[in-house]
Amino acid sequence: MAESPNRPAHPLDAPEAAAGGSACGSLGHTPAASICAVPSRCVRCDEPLTTPLVCGSCRTVFPAANEYDHFARFGLPRTMEIDERDLERRYLMLSRGLHPDQFAVRGTEDKLLAEQLSAHVNDAFSVLKDRFRRAEYLLELEGGPQRAQEKRTPAGFLAEMLEVNEQIEEARGALDDSARKQMASLRAEITKRRDAFLAEVAQAFASLPAQGDLRRPGVLLKIRERLNACAYLEGLSVQIREMLVS
Amino acid sequence: MAAPVLGIDLGTTNSLAALVGADGKPAALRGLDGEAIVPSVVSFAEGGAVVVGRAARRRAADDPMHTVFSVKRLMGKGIEDLTEVERSHCPYEFVPADGSQLRLKIRGREYTPQEISAQILREVVNRASAVVGETVTRVVITVPAYFDESQKQATMAAGQIAGLQVLRILNEPTAASLAYGLDGLHDGVVVVYDLGGGTFDVSVLKIESGVFRVLATNGDAALGGDDFDRAIAERCAQEMRAAGVPETALRDPGLLQVLRAAAERAKMELSEKLETELVISEDRLGVRWRRTLARAEFESIVAPLIERTVGPCRRALSDAELEPEQVHAVVLVGGATYVPAVRARVEQLFGRKPYCELNPMEVVALGAAVQAKKLEGGFQNLLLLDVTPLSLGTETYGGAVAKVIPRNTAIPARASEQFTTFTDNQTAIVFHICQGERELAKDCRSLGKLILRGIPGMPAGMPRVDVTFHIDSDGLLTVTAQERRSGVKAKVEIVPKHGLSLDEITRLVQEAAAHAKEDFVAARLATLRADAEFVLRKLDARVADAAGRLDAETLSEIQTARDGVVDAMAGQSPDGIDGALHYLEDVARPLVEMTMNTVAQRAVSGKLLDEVTQSAERTKAAAPAHDGSGPLSVKRG
Ligand SMILES: [Zn+2]
């Protein structure tokens, strides 16, 4: 499986180092506080592993994506604090290792496996790169209440939103240039508000009491309420966006 | 060693193939006649010969009922999907009228668009095989990014019917980006604006050290340069009607083809000139009509069409969460981007001059060739990460759509959603799979139904059914459903309502293979010889008509080209005749124009002549004069 196919002379066919294929370790260290159980070395070539799905060195694929959560797939601890640039680098490394195109000259079985694993990686990336979805996912992993069960938002939030809704409806009625400008700045406001909630959420996760601690359910609920508010704000943001695009 | 994998751009108006050469660069494959482009036209001659490409296009005016243009617009569609305009411009008969994949009835036989596309693919592949010196069997075929599941599946089926192994269905703008960024000198955010013959795509990509990542894509799968031609033809038809041309003539399929061809040429000429002339002359119907068309007037006719590309561009940028200032380059693809008004609108929209260094006609095929090489094991450090253009979901109780995979999700993709029963002891659930952005299932594209049976009787809401969507790297969908408590499973590879079932494809593949045993070369040779005879007769009449008014140089050029055709007719190579005819067509163009003008002037009725003259003067006054001797552009559409 480790064989490299033929390579014609071309700049993009230079040895893989430039694009980050060879060195697992070059993608930054995995924090010591990692709580994911990821094997640390490749069973085939004994190089350190960045992710449990594929070896960056010998490109051996480990067909166990289902056993890992999204964080573990990327070799990351369960945390809100993800460096986007690092996440993207990990995504590209995983894609280089797992995208079905990379298996084109191998057997059908490998290709099918690559289709599956690659889909898992894409799914994980879409969740992890978005702070809101990342928080929702983390809350699920931590056993917090889901949106379907707990619909509360922080005190005063909905009352405040009444006014925002009114503004949007008014602009929709007469969408002239000044209304467009107003909506664009309202959308920026909304994003800011959402970011503030997400910062609170990140903080709450960082100081989340351990399992069995009596304060834990309260913190999880606080996170839930803020994420509900974020979902609401996201809905408004999309509404405005659709209005401005049309 | 196996024959190389061929990259094919299967276009609405033109198709072509490309390969990566020994130098690592993709190049369009030129046939033995020197031509890269095969017009996507299929004509069914009497006696069963199928003519494809330039020869078929030549037959269009004389045999409109059996000559199929723009079949790509019909792929994966039911008759109810066609617009009024699309229907009125197709002279052939459609069957059936119900919701399944439509078929064309030609010379008493029914053809699916997949079969007709397969004919084009076969022609492209045969020409390529002749050049490569090996039989090509494996291909990468491009499709508009904004094609839906039915349309992409139909393209896959066309490849199979042509006896090809389709290694990948590749999105056209993505392919174009590969050709653009291959040299590694164009890293950054790129917008590909691809206005082809019949489809419009816009994709936003990030190119970074060999990784081509699509961030968002949008478009209109029924908008292209064809529509520009139709708009001009439509305008001309209205004016001809007002000038007294009878309705029967205006509905004549032959005249419609003549009109379409004249409109197409006017469009192309107006990319370089400020004014052109449309001459419609059909002796058979007693129709002789002409008008000048200034670029400004052309632009006002097509402005609404160009404007339709703006919304998708804005949406794609917005989905990618980017502002126009963050875009590093806007790359133009597709023949219709030659139109200056299109370029101007793109420049205005993105606030920068678009990148026009690539040949818009070839760049998609070049990118397909790069991906083809990749799938042979080359370009190890190049990687393409594409997205699915349209949201996928299932209909829920009440007719709403629960989105399972949102648009612009990276592929391969998988996602699950949980569902449950609505009534007590319900033992089966039907999942209606839909594609599109609308809220209600009835407004989305229906992709088919998946039925999960054998759920053990439980109170309503108790069963836990996981529905999992998987989109593979071709962008094609598989849906599975499983009830968790009982483990009951169901799986479907979606056969779209307008698609072909596996059985149908198998049958068509067998039929096609049987046909291939017949002597296609002989049939083609016979048809082309007949064509050539017809062209020569017409030519001789015109030369006689233009007696004395044609300069000696042109006349001798025409004579040489004519001899070439006669020689080729005596030979055994269909491509030889085709090439010779093509050359003759080019050389004889001044003659055709001259005779048409004379005929028109001589025969136009008094009233019509007045109108024509007036209109010509008006447009001349509005536009700067030009010498009219500039080269005609012939290689696009
Ligand atoms: Zn290894």
- [ ] Just name the residue that is surrounded by the most Cβ atoms within 10 Å (Cβ to Cβ) out of those in segment B:302-324 that are at pLDDT below 95 and among the acidic types (Asp, Glu).
- [x] B:Asp319
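Do we find that A:Phe197 is touching a Cys at 6+ places or on another chain (Cβ under 9 Å), in a helix (DSSP H, G or I), within 14 Å of chain B (Cβ to nearest Cβ) and in contact (Cβ under 8 Å) with a residue 12 or more places away in the chain in this structure?
no
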Open item on the list: Being part of a helix (DSSP H, G or I) and touching a strand residue (DSSP E or B) at 6+ places or on another chain (Cβ under 8 Å) is true for just one of A:Ser118, A:Ser126. Which residue is that?
Closed with: A:Ser126
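Just to be sure, is B:Ala344 open to solvent by 40 Å² or more (accessible area, probe 1.4 Å) and either among the small types (Gly, Ala, Ser) or at pLDDT below 95 (or both)?
On the way: open to solvent by 40 Å² or more (accessible area, probe 1.4 Å): yes; either among the small types (Gly, Ala, Ser) or at pLDDT below 95 (or both): yes.
Here the answer is yes, as B:Ala344 does meet what is asked.
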- [ ] Only residues that are within 11 Å of the chain's Cα centre (by Cα), surrounded by fewer than 22 Cβ atoms within 10 Å (Cβ to Cβ) and assigned to a helix (DSSP H, G or I): list them for segment A:67-91, please.
- [x] A:His70, A:Glu84, A:Leu87, A:Glu88
Open item on the list: Where the second residue is near the ligand (Cβ under 8 Å from one of its atoms) and open to solvent by less than 10 Å² (accessible area, probe 1.4 Å) and the first is in the same structural domain as A:Lys111 (by TED's automatic domain parsing) and lies in segment A:50-61, which pairs have Cβ atoms under 9 Å and are six or more apart or on separate chains?
Closed with: A:Thr50/A:Gly56; A:Cys55/A:Cys42; A:Gly56/A:Cys42; A:Ser57/A:Cys42; A:Cys58/A:Cys42; A:Thr60/A:Cys42; A:Val61/A:Cys55
TODO: Test each condition in (1) open to solvent by 30 Å² or more (accessible area, probe 1.4 Å); (2) within 16 Å of the ligand (Cβ to nearest atom); (3) modelled with pLDDT of 60 or more for A:Ala64 and report the one that comes out false.
DONE: (1)
TODO: Determine which single condition B:Leu250 fails, assuming it passes every other condition in (1) in contact (Cβ under 8 Å) with a residue 40 or more places away in the chain; (2) aliphatic (A, V, I, L, M); (3) in contact with a helix residue (DSSP H, G or I) (Cβ under 7 Å, 6 or more places away or on another chain).
DONE: (1)
- [ ] Taking A:His99 as meeting all but one of (1) more than 15 Å from the chain's Cα centre (by Cα); (2) within 13 Å of chain B (Cβ to nearest Cβ); (3) farther than 23 Å from B:Ile405 by Cβ, write down the number of the exception.
- [x] (3)
Open item on the list: Out of everything in segment B:173-193 that is away from every other protein chain (no Cβ under 14 Å) and open to solvent by less than 10 Å² (accessible area, probe 1.4 Å), what residue ends up being nearest to B:Leu382 (Cα to Cα)?
Closed with: B:Ala176
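For segment B:5-20, how many residues are in a loop (DSSP other than H, G, I, E, B) and closer than 17 Å to B:Leu223 by Cα? Before the answer, list the steps.
The first filter runs over segment B:5-20 and keeps only residues in a loop (DSSP other than H, G, I, E, B), leaving B:5, B:11-13.
Among the residues that remain, those that are also closer than 17 Å to B:Leu223 by Cα are: B:11-13.
Result for segment B:5-20: 3.
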Task: Residue satisfying all of: in segment B:369-428; over 25 Å from B:Lys152 (Cα atoms) and within 12 Å of chain A (Cβ to nearest Cβ); most open to solvent (accessible area, probe 1.4 Å) among these - done: B:Gln418
TODO: Residues being under 24 Å from B:Ala157 (Cβ atoms) and either surrounded by fewer than 23 Cβ atoms within 10 Å (Cβ to Cβ) or at pLDDT below 95 (or both): count how many of those fall in segment B:1-10.
DONE: 3
Task: Answer from A:Gly107, A:Gly56 - the residue that is under 26 Å from B:Phe379 (Cβ atoms), within 14 Å of another protein chain (Cβ to nearest Cβ) and within 14 Å of the ligand (Cβ to nearest atom) - done: A:Gly56
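With respect to A:Phe157, determine if the residue is away from chain B (no Cβ under 14 Å) and more than 23 Å from the chain's Cα centre (by Cα).
On the way: away from chain B (no Cβ under 14 Å): yes; more than 23 Å from the chain's Cα centre (by Cα): yes.
Considered against the rule, which asks whether it is away from chain B (no Cβ under 14 Å) and more than 23 Å from the chain's Cα centre (by Cα), A:Phe157 comes out as yes.
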Task: Test set (1) within 14 Å of chain B (Cβ to nearest Cβ); (2) at pLDDT 85 or above - A:Gly20 fails condition number - done: (2)
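The values are calculated or read from the model by the stated rules, or taken from the named source; none is laboratory data. Everything quoted here is computed from the prediction, not taken from an experiment. Ideal geometry is used to build each Cβ from the backbone, glycine not excepted, and the neighbour counts take in all protein chains shown. To get the accessible areas, we keep the full protein, side chains included, count just its heavy atoms, and leave off ligands, DNA and RNA. Shrake-Rupley method; radii C 1.70, N 1.55, O 1.52, S 1.80 Å.
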